[in-house]
Amino acid sequence: MAKDVKKEKKVKQLSNKTRNAETKIKELEGAVKMMQMVFQQVMGGYKQIGNELDGLRHMVTDLQYRFVAIVEQLGVNSEDLDDLVSIKKVADFTGAANDQDVKEGLVPAEVITENSVVRITSTTADPKEAIFRARLKVFEPLLPGLKEKWLGCKVGDKVDCDINGIMHNIEFLDIKAKPAEEKKEEVPAATVN
């Protein structure tokens, strides 16, 4: 009889362990199904992005063919066209930068200070890596060592800077800053005797 009680206890323990294992297996199955659904949603998103990128690639290819056809039809020299494109880019950049300067209340400044906003261009060994134009706030985090090299520079100055392993010869095209606040002289109040 003691053996029967022990066997019954063991059977009960095994039964409980089996139920616990079955519950955990069901929970794992549910988790796996959830992961599969999430994975399918992610893959569907990637497929949609892929389709959109394909559409953009086809659009760019079409524009390239149209561009070549127009250039050939008009007989335009590609160097002249490059010059016209650069002029248009500079005009667009300058207009947008000027608008932003006005919006931020900036005025021309003589030298670069901690509070300056600068417009730059750069040249590099590989022209494809050069900075065409950029508008930067000097006080925002720049690459280490840049701010120190830039402080005190004037429009037209050039500074060599290593940016992400590429040596740039940066030229300062414009310097702007907030206008200095005028100090108001305090006039002592009149005293009455």
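Since every read-out is calculated from the coordinates, none of them should be taken as a lab result. Note that the structure is predicted; figures quoted are calculated from it, not measured.
Pairs from the list K147/K176; K89/K137; K88/K149; K103/K128; K88/K147 with a Cα-Cα gap above 23 Å: K88/K149; K103/K128; K88/K147. Estimated at 0.36 nm per residue, the fully extended path between N51 and L28 surpasses their Cα-Cα distance by 4.9 nm. The lysines within cross-link reach of K9, meaning a Cα-to-Cα straight distance under 24 Å and a gap of 8 or more places when in the same chain, are K17, K24. Put the Cα centre of the stretch 124-138 next to the Cα centre of the stretch 2-70 and the gap is 44 Å.
Mind running the shape call on the chain? Use the C-alpha gyration tensor, a ≥ b ≥ c as the square roots of the eigenvalues: rounded below 1.5 for a/c, prolate if a/b tops b/c, oblate otherwise. Note, shape of the chain comes out oblate.
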